[in-house]
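Colleague: Take a look at the following structure, please.
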């Protein structure tokens, strides 16, 4: 019988960073892959139109439906926990946690508000005007460092936690 006091809960972000090959094809997280997975999730959750775009290191995924609110009591939790995603099939998970694990900055926006999920609010200043022009019910904006160095950056690195609560800022 297992010794229950020795069982420790799994930290999703640490596990994903330590074993990216279990979550990302080839084990090298790339921004376009994460944007594609997020867009696919939005479509599976009922969005009929999703747009992905990027400018320099910033990526945007926008949908005609607020897919983050579907089945989530706490939207920020989607970015720091492995959340089952039965709509995508058995053993599937929501993709937002991959952004929590690998993106340098993640922000979410609606037409009326903006919230920082990963990073510091000031890091989003360069894209605020762009976000203000995007009139979608939900936009996820994220920035990633250069390509194949990302997985190596996280292996053995100290964990940077995702913000425990969404810090709302007016758009």
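Colleague: Work out how much length residue 123 to residue 32 would gain on full extension: take 0.36 nm times their residue separation and subtract the Cα-Cα distance, in nm to one decimal.
Modeller: Length difference between fully extended and current span is 30.7 nm.
Colleague: Between residue 73 and residue 57, what is the label-point separation in nm under the 7 Å Cα-to-beta-carbon projection?
Modeller: So the two model labels end up 3.6 nm from each other.
Colleague: So what is the relative contact order of segment 1-96, in percent, for Cα pairs below 8 Å that sit 6 or more residues apart?
Modeller: 22 percent.
Colleague: Testing the spin-label approximation: label points 7 Å from Cα along Cα→Cβ at residue 11 and residue 130. State their distance in nm.
Modeller: Label-label distance for residue 11 and residue 130, simple model: 3.1 nm.
Colleague: By its C-alpha gyration tensor, with a ≥ b ≥ c as the square roots of the eigenvalues, how is segment 1-76 shaped: rounded for a/c under 1.5, else prolate for a/b larger than b/c, else oblate?
Modeller: Verdict is oblate for segment 1-76.
Each reported figure results from applying straightforward, stated rules to the coordinates on display, with no laboratory input. The structure displayed is predicted, hence computed values, not measured ones. Heads up, the Cβs are rebuilt from the backbone with ideal geometry, glycines too, and the neighbour counts pull from every protein chain shown.
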